[in-house]
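S.K.: Please read through the structure below; I'll follow up with questions.
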Amino acid sequence: MKYKLIIFDFDDTLTHLGIDWNKVKDRIIKNVEAIGVELPDKIKDMHVMHVSNYLSENGHKKIVFNAFRDAERNCIANKEFVVFPKAMELLRKLKAEGYLIAIASGNTTSTIRKIIHLQNISPDFIAGLDSTVLNKPYPDILNLVLKYFNLKNNEVLFVGNSKFDSEAGKNAKIKTIIIKPDNSKDLSMLYSLLIKKNKIKKEKIMPPLLKRKA
């Protein structure tokens, strides 16, 4: 199968953000409770992504977004992030081979843009926490990417690193590959799957917005 679009997760797939997400979760809960919302006790034991989705679905998306944005801004300002060079090199090679590249992440779109553009890489589409109400493991963010490019599920490959990525891919009915953060063996496997063993030149397709301008 010759995929047309490769979607990548961001944090711990292409980079590592040095953020204590439990502290972010605690801040979100504190800020929601501060406006008089009574939350179930079990929410404090939930993963930050589950908390994010639960509160976003119940009308508190802005509070969630602000907490993520502020934590990520501090992370960038203090240079507390690491870019995975081999992962970035793979993105460049995929672009050179004619693949469309998108990033779908639980991080904010502004954070993704700031870091990814420092690497002189221009993804064809970026979707982040602020792109949909619900994020992974729900399929919404992946479905948004598919809709943007007007592609079928079997024309797309999703690459992530977590159970949230795995479940999101499954829910969106997209072939998903889970890799370990900054793992040379896994990245080499991806290279072999998408480039080395596929010598047939792929048809380059332009992003939809450029098509509409033509």
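The values are calculated or read from the model by the stated rules, or taken from the named source; none is laboratory data. No experiment lies behind these values; they were computed from the predicted model shown. Because the Cβ atoms are built from the backbone with ideal geometry, glycine has one as well, and the counts that use them run over all protein chains shown.
S.K.: Just for helices (runs of 4 or more DSSP H) wholly inside the stretch 1-78: which have at least 2 residues that are aromatic (Phe, Trp, Tyr) and under 18 Å from the mean Cα position of the chain (by Cα)?
M.R.: Ranges flagged: 61-77.
S.K.: Does at least one position in the stretch 126-141 carry a residue that is modelled with pLDDT under 95, at negative phi and part of a loop (DSSP other than H, G, I, E, B)?
M.R.: At the first step, the residues of the stretch 126-141 found to be modelled with pLDDT under 95 are none.
No: the stretch 126-141 contains no residue that is modelled with pLDDT under 95, at negative phi and part of a loop (DSSP other than H, G, I, E, B).
S.K.: Taking the stretch 124-167, which residues are farther than 20 Å from residue 110 by Cα, aliphatic (A, V, I, L, M) and more than 11 Å from the chain's Cα centre (by Cα)?
M.R.: 146, 151, 156, 157, listed by residue number.
S.K.: OK, next. Scan the stretch 8-20 and report the pairs whose first residue is in contact (Cβ under 8 Å) with a residue 24 or more places away in the chain and whose second residue is acidic (Asp, Glu) and part of a loop (DSSP other than H, G, I, E, B), with Cβ atoms within less than 6 Å and a gap of 6+ or a chain change.
M.R.: Once the first residue is in contact (Cβ under 8 Å) with a residue 24 or more places away in the chain and sits in the stretch 8-20, its partners that are acidic (Asp, Glu) and part of a loop (DSSP other than H, G, I, E, B) give 18/80.
S.K.: Here's a follow-up. Need the failing condition index for residue 173 against (1) at negative phi; (2) surrounded by fewer than 21 Cβ atoms within 10 Å (Cβ to Cβ); (3) assigned to a loop (DSSP other than H, G, I, E, B), just the number.
M.R.: Residue 173 satisfies all of (1) at negative phi; (2) surrounded by fewer than 21 Cβ atoms within 10 Å (Cβ to Cβ); (3) assigned to a loop (DSSP other than H, G, I, E, B) except (1).
S.K.: When residue 155 is evaluated against the numbered criteria (1) at pLDDT below 95; (2) over 27 Å from residue 16 (Cβ atoms), which criterion, by number, is the only one it fails?
M.R.: Single failed check for residue 155: (1).
S.K.: Can you list residue pairs whose Cβ atoms sit under 8 Å apart, with the first residue in the stretch 23-35 being among the aliphatic types (A, V, I, L, M) and the second being surrounded by fewer than 17 Cβ atoms within 10 Å (Cβ to Cβ)? Count only pairs 6 or more apart in sequence or on different chains.
M.R.: 29/39; 29/43; 29/44; 32/39
S.K.: I'd like to verify a number: residues in the stretch 102-122 that are in a loop (DSSP other than H, G, I, E, B) and either under 9 Å from the mean Cα position of the chain (by Cα) or not aliphatic (A, V, I, L, M) (or both), how many? Before the answer, list the steps.
M.R.: Taking the stretch 102-122 first, the residues in a loop (DSSP other than H, G, I, E, B) are 105-108, 118-122.
Okay, now just the ones that are also either under 9 Å from the mean Cα position of the chain (by Cα) or not aliphatic (A, V, I, L, M) (or both), so 105-108, 119-120, 122.
Residues in the stretch 102-122 being in a loop (DSSP other than H, G, I, E, B) and either under 9 Å from the mean Cα position of the chain (by Cα) or not aliphatic (A, V, I, L, M) (or both): 7 in total.
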